Structures are given as C-alpha cells and as structure tokens.
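Read-outs throughout are calculated quantities, based only on the coordinates presented, and are distinct from any laboratory measurement. Everything quoted here is computed from the prediction, not taken from an experiment. Positions of Cβ are generated from backbone atoms using ideal geometry, with glycine treated the same way; all protein chains shown enter the neighbour counts.
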Amino acid sequence: MVKSSTPKLWKIATLVALFAFVAAPFFCRHSSDKGTHQNEVHNTVQNEVHNELLYSGTIRYSGSGQHTWVNTKLWRTKEGRFVGSYRSQAEDGIYSGVLRELESVGDRTDFSWKDRYGTGTLEVTFSEDGGSFSGKYTNENHDDYTGSWSGERN
C-alpha cells in the first residue's frame, strides 16, 4: 500500500467527508425538514468534491459470521482521489467513519478507514459500471476484526 505524501490534503478531505456525512440529506431521508442551512452545507460540499456515489450494503464480520447494514458514501476530489464516509449499526448503536483512498489500480481501490473501533484498510473491487463493489477490511489494532464489505448504488 502507498502512503499519502500530502497529510494536509488528507486532513482537508477527511474533514470535508466527515462534515458531508453529518450534514448531507442522504442520511436524513426520514426527515421532512431539510432546512436552508443543511442545503447550504450540502451545496458547499458539492463545490469541493464531485461524483457523489451512494451505496447501501452489508458488513459481515469474519469471526462471528454476523452481518449488519452499511451506507457508504464516496466522492471524487478535484485531484481524482476518493474520499468518503460510512454509517453502520453495531451492538452498542449506530456509528460512523471516514474513508480515504490509498491506491487505485484498475477496478480495485484500497482505502484507509477510521471510526470509533480503530483504523484499518478496506480493499474493494468495483463492478465494471461502478454500480456495486465488494471488498474485505482489516483492523490495524485487532487481527480478529476482519470481514467483508459490500455495496450497491442507490
């Protein structure tokens, strides 16, 4: 895996992705009051990144075989790299995290992920049309926290 040589860009992209995750209407579908402020935030995010890709899918934990839903949101930065966010359910509640592209070769893209459970890598392969992906994740701090991660475009 290739480490990024631009930590400042990573910090900015992470903040934009995290900010968008919290504010974007995608995760507020059930809410009918999408206020002016929320729309302004969404528009600001859209000016910073393009090609928003929304996926609904499943995370499956290797050890237990249990699985849960995951909503994954990806964007391409102006530099052509992916940044993103995700939201999922754990035994102790809903959690969210951020994604950052490390390397992309062909239809495979390697990401770093970070959430309240730690950090790790996510290796995904996109379908030819980009309509779905499947992959596997690892946790840098816990060898037994591995599994699969998949998504289909909304």
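Each Lys or Arg adds one and each Asp or Glu subtracts one; over the other residues with Cβ under 14 Å from the Cβ of residue 146, this totals -2. Of the trypsin sites (Lys or Arg not before Pro) found in the stretch 77-140, those that fall in a DSSP loop while having at most 15 other beta-carbon atoms within 10 Å are 78, 116.
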